[in-house]
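Below: the structure, in structure tokens.
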Amino acid sequence: MTATGARPLRPAEGPDDSLRAAGQAAGCRIGAAVDHAALAGDPRYAATLAREFDALTPENAVKWAEVHPAPGAWRFGPADDLVAFAEAHAMRVKGHVLVWHEQLPAWVGALAAPGALRRALEDHIRTLVSRYAGRVTAWDVVNEAVDDAGSGLRSTLFLERLGPGYLAAAFHAARAADPRARLLYNDYGAEAPGAKADRVHALLGALLDADVPVDGVGLQCHLAAGAGPRPAAVARTVRRLAALGLRVELSELDVGVRAGDREGLRAQAAAYRALLDACLSTGCVDAITVWGVSDGHSWRRREAPLLFDPEYARKPAHGGVLAALRGRARHAAASLVPRGGESRGMQGSR
Ligand code: XIL
């Protein structure tokens, strides 16, 4: 990784028509999930990432099975590389993920005694979060804790052995390890109003009432062109969550298409644009992460859901995102024009 690590790539010449420039004007970070092997192995991947994005999330590198495969055994190399790359290119890093029922190593499942599992969980969080304190500025602390029907907490080994208090324990451990990091709850299928969105909202409200340090919520947004929730409905969800006092992120955005023909790509671009227009207009979304850089590395590869094609050419979807960010930036600039002496800029927050 040294070739793409600490040495900054040369900035593009000419006017900056990147997503990151448009995002900065709009007050919204634009991140991508990053695959370590692709970053290390393909200079085009690295160049696209550095040019277009100002935030990154390791796609797998800090998941428990990857980073902590055996008790006391840590594999920090890939995450260290990603953090170094981010620092060399002025990108923010979000850690993903501390507590999740998937991509767990077998040894965690074998911790039958609640006390042993609780100690392992807290040690895992403490070690990881404190190692990157001040460098990884946000963490997905708990991922997908609500069941698909929205009827309650998902039945996982954490719930079964530790009870519902595992969520609070995880957030408290993360806060203690890095008091400055933004701590997030992350989930899917809660984008549109419905039972799951209600349950996620209720869970977050209850955690906040109990003084659990949750700063924000990530709506994953793994969507499909022409089949997803209506953008206005997602915006309603965003406002409702923000009303709890939380920052809201679109955390794993990708929009699949059935056919990668011109029409499909246009529909995909329109879907990205409409979703971002609606969500950015709430003024409550300050970070958007797409779940991968190019279609060639996407976990939904066959649905070509991302902004760059496998050759790293910009797709129409890139233009859709750019247009939404520029629209938001124009609106933000207009609202900064002093009216009666008051400015309505974005407020700083964690
Ligand atoms: C996915 C990765 O993209 C894949 O590379 C991996 O094989 C499985 O996990 N929700 C999440 C992410 O929170 O961590 C998942 O990422 C996609 C769904």
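Test each condition in (1) assigned to a helix (DSSP H, G or I); (2) touching an Asp or Glu at 6+ places or on another chain (Cβ under 8 Å) for Leu204 and report the one that comes out false.
(2)
Quick one: what pairs do we get from the range 137-158, first residue in a helix (DSSP H, G or I) and modelled with pLDDT of 95 or more, second away from the ligand (no atom under 13 Å from the Cβ) and not hydrophobic (A, V, I, L, M, F, W, C), C-beta under 9 Å, 6+ apart or different chains?
Leu157/Gly109; Phe158/Tyr166
Can we say Val108 is more than 16 Å from the ligand (Cβ to nearest atom), over 24 Å from Gly41 (Cα atoms), at pLDDT 95 or above and assigned to a helix (DSSP H, G or I)?
Considered against the rule, which asks whether it is more than 16 Å from the ligand (Cβ to nearest atom), over 24 Å from Gly41 (Cα atoms), at pLDDT 95 or above and assigned to a helix (DSSP H, G or I), Val108 comes out as yes.
Here's the yes/no breakdown for (1) in contact with a Ser or Thr (Cβ under 7 Å, 6 or more places away or on another chain); (2) surrounded by fewer than 23 Cβ atoms within 10 Å (Cβ to Cβ); (3) among the hydroxyl-bearing types (Ser, Thr, Tyr):
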| site | (1), (2), (3) |
| --- | --- |
| Ser155 | no, yes, yes |
| Phe171 | no, no, no |
| Gly189 | no, yes, no |
| Gly194 | no, yes, no |
| Ala202 | no, yes, no |
| Asp211 | no, yes, no |
| Pro229 | no, yes, no |
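Are there any pairs, at least 6 apart or on different chains, whose C-beta atoms fall under 6 Å, with the first in the range 260-278 and assigned to a helix (DSSP H, G or I) and aromatic (Phe, Trp, Tyr) and the second at pLDDT 95 or above and surrounded by 17 or more Cβ atoms within 10 Å (Cβ to Cβ), and if so, which?
Tyr272/Val255; Tyr272/Ala317; Tyr272/Gly320; Tyr272/Val321
Identify, from the list Val293, Val238, Val321, the residue that is touching a helix residue (DSSP H, G or I) at 6+ places or on another chain (Cβ under 7 Å) and within 16 Å of the ligand (Cβ to nearest atom).
Val293
Taking the options Ala168, Ala120, name whichever one is farther than 16 Å from Gly205 by Cα, away from the ligand (no atom under 16 Å from the Cβ) and at pLDDT 95 or above.
Within the list Ala168, Ala120, the selection yields Ala120.
Would the range 78-91 turn up any residue that is part of a helix (DSSP H, G or I), within 16 Å of the ligand (Cβ to nearest atom) and surrounded by fewer than 18 Cβ atoms within 10 Å (Cβ to Cβ)?
So far as the range 78-91 goes, no, none of its residues is part of a helix (DSSP H, G or I), within 16 Å of the ligand (Cβ to nearest atom) and surrounded by fewer than 18 Cβ atoms within 10 Å (Cβ to Cβ).
The values are calculated or read from the model by the stated rules, or taken from the named source; none is laboratory data. These numbers were taken from a predicted model, which means no experiment stands behind them. Using ideal geometry, Cβ is built from the backbone for each residue, glycine included, and neighbour counts are taken over all protein chains shown.
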